[in-house]
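The values are calculated or read from the model by the stated rules, or taken from the named source; none is laboratory data. All values derive from a computational prediction rather than experimental measurement. As a convention, Cβ positions derive from the backbone with ideal geometry for all residues, glycine included, and neighbour counts pool all protein chains shown. Protein only, heavy atoms only, side chains kept; ligands, DNA and RNA dropped before computing areas. Shrake-Rupley method; radii C 1.70, N 1.55, O 1.52, S 1.80 Å.
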Amino acid sequence: MSGRSRATVLLAAVVTFAAVLVPSAHAAPKAPRTAALDGTRLQQTRSRLEHDPRLRRALEGLTARADAWLDQGPWTVVDKPKPAPGGDVHDYLSQAPYWWPTTTPTADNPWGCPYVQRDGRRNPEVDSGTDRQDVEKVFDSAYDLSLAWYYTGKRSYAAKAGQILRTWFLAPATRMNPNLNHAQFIPCKYDGRAIGIIDFSQSYTSVLDAQAILATGAPGWSAQDRTAMGKWNTDFLGWLKNSDFGRQEGAAANNHGTFYDMQLAALAYATGDTDLARRTVLDARAKRIDPQIAADGSQPQELARTRSWHYSTFDLVAYTRLAAIGRHVGVNLWAYRGPDGQSLFKAVDYLLPAATGATAWPHPELEFYRYAASDVVHAAADAGDAAAKAAVPDLQAPPGGDLWALRPAAEQLDSIAG
């Protein structure tokens, strides 16, 4: 045997041995092209898991969540008891959470109309009969399962995530139409409302990131799935930009507007329109931060709510995710200072005394959860805010544990609808 032949055989043996030690799914982990998450950071975290006990403990929490999804779903818009106004079962339907009937339902008035608003008080009937609860399960499960697959390589996680996404968005018999024309309807009053866009804008970036993670080579998530999901996202982005509801939500001056911008930028980035993504993040400086954040860091429009702590942290979830998207398109939103000194750092710092338990939250709040601020404080700390970094050890972990190290993009940890 020649020297070249012996070298070839030896090389083949080494490759075979390496393949046994390191499964092909983990041999060369890719950095996913995520929108809110930092794909490179995910890749680096994955490479450190074996040697970092803290990460392994966090992974136990993440996989526990993923395991719980394996025997649930899939869910679909066509399963609701009654279709949305207009009669198409493929149209998404949700009900305004803070609107209540004023009379006892009768045969002639089955909804108990007229409805009146009670801000911050959730009507329990909105949790049955529409798609809202199911779509939240789609968002959460796809995110947890795709992340769990990325970190562990366990095929069942990827298979379940793919099944959930295909059933809700792609399969002809069960797919959702790419619009929110009937989101947060009010019985006997409105067939749908622009503010219903927040049903998706507050969480759909998780689905975009789940798709990006699966696209790194998840078993069962095919090129056909990626293409079809890209088409759905493009169609949804078109509706978001061009519909009357989309334009109204984009003009909103509170957290609805911030979440609209965040969703628009994420969809634009995910579908390849980086110019729109960059322009949206840049415009948020004067359009959002200047009028919405005061010089002291408070958010006056959110403080006026009966759930002022929830909505102050909620708005910052959108801002911190928008800043994360900005990182992908060359915009440092954290560095921006408004004409009165407004900034995202100041807005997070305003929450720190209550977030760490140092002082009570001094504004109206029907149901205070200190841990609601944990993710936005983490985000500010990672972005270079010294006060936030110092506060991290004093944060209250959310139920299920602090998963920031594995999914460093802010979530609304005390989630309520609306």
What is the helix-to-structure angle for 132-152, meaning the angle in degrees between its Cα long axis and the longest Cα principal axis of the chain, kept from 0 to 90 and rounded to the nearest 10? 20 degrees
For helix 255-270, what angle does its Cα long axis make with the longest principal axis of the chain, in degrees from 0 to 90 and rounded to 10? 30 degrees
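Can you list the equivalent-ellipsoid semi-axes of segment 188-290, largest first and in whole Å, using the square root of 5 times each Cα gyration tensor eigenvalue?
Values: eigenvalues 134, 58, 26 Å².
Semi-axes (√(5λ), whole Å): 26, 17, 11.
Quantify, in whole percent, the carbon and sulfur part of the accessible surface of segment 100-184 (1.4 Å probe; protein heavy atoms only).
Whole-percent figure for carbon plus sulfur exposure: 51.
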Skip the ligands, DNA and RNA, and give the accessible area per residue of segment 272-387 with a 1.4 Å probe, whole Å². 37 Å²
Checking rank on 392-401, 365-374, 69-78, with mean other Cβ inside 10 Å and highest first, the result is 365-374, 69-78, 392-401
Output the 0 to 90 degree angle, nearest 10, between the alpha-carbon long axis of helix 3-21 and the longest principal axis computed from the alpha carbons of the chain. 40 degrees
Using the alpha-carbon centroid of each, what span in Å lies between segment 133-187 and segment 377-414? 26 Å
To the nearest Å², the heavy-atom accessible area per residue of segment 72-132 with 1.4 Å probe amounts to 50 Å²
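Which of the peptides 129-135, 342-348 is most tightly packed, and how do the rest follow, going by the mean number of other Cβ atoms within 10 Å of each residue? Mind showing how you got there, number by number?
Working: 129-135: 19.9, 342-348: 23.6.
Ranked from most to least packed, the peptides come out as 342-348, 129-135.
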Long-range alpha-carbon pairs in segment 267-312, meaning those over 14 Å apart, account in percent for 61 percent
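Take every Cα-Cα pair in the chain and report what % of them are more than 35 Å apart.
On the way: 26149 of 87153 pairs.
Summing the P(r) of the chain above 35 Å gives 30 percent of all pairs.
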Reduced to Cα centres, the span from segment 313-343 to segment 205-249 in Å works out to 23 Å
